[in-house]
Amino acid sequence: MAEEEAIEVRFRLFDGTDIGPDKYDPSTTVASLKETIIAKWPEDKANAPTKVEDLKLINAGRILENKWTLTESRVPVGDLPGSIITMHVVVRPPQSVKRAGKEKENASRQGRCVCTIL
């Protein structure tokens with residue numbers, strides 16, 4: 001079985017700047033890529049992610065699952081040998097404790113019907 005060559009990937013951030021490109025083994029998982037993004041996150045950017053769950057990677061319109069490898073997440077159509085794959089990075093905004101409490105409170109109210117007669 002022929003050895004697969006490294007895949008070159010760059011990560012496009014929300015403001016259009018990039019992290020990379022760097023070469024990764026085809027068996028690298030999406031979770032591992034997210035850890036790399038967190039480690040290489042530019043210090044001057046706001047909304048820095050702190051854990052893997054804070055990030056979503058999108059490739060060719062698909063949100064990639066953490067357990068997938070690079071080989072599983074590639075889109076073979078239009079993929080040229082030696083080309084760089086650009087994955088878009090979406091950062092989930094941090095959720096404050098107060099806001100999480102309000103969402104639980106609002107969820108309990110959703111089952112009720114309220115009518116006001118003037």
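Run the numbers for residue 12 and residue 35: contour at 0.36 nm per residue of separation, minus the present Cα-Cα distance, in nm.
Length difference between fully extended and current span is 6.8 nm.
Give me the dipole magnitude in Debye, nearest 20, for segment 1-63 about the Cα centre, with unit charges on the beta carbon: positive for Lys and Arg, negative for Asp and Glu.
With only Lys, Arg, Asp and Glu charged at Cβ, the dipole is about 300 debye.
Using 0.36 nm times the number of residues separating residue 63 and residue 48, minus their current alpha carbon distance, what extension gain do you get?
Working: separation 15, 0.36 × 15 = 5.40 nm, distance 1.96 nm.
Result: 3.4 nm gained on full extension.
All other residues with a Cβ under 10 Å from the Cβ of residue 38 taken together, and with Lys, Arg as +1 and Asp, Glu as -1, what is their net charge?
Once all neighbours under 10 Å are counted, the net charge is +1.
Since every read-out is calculated from the coordinates, none of them should be taken as a lab result. Owing to the predicted nature of the structure, the values given are computational and were not obtained by experimental measurement. A quick note on method: Cβ atoms are made from the backbone with ideal geometry, for glycine too, and the neighbour counts reach across all protein chains shown.
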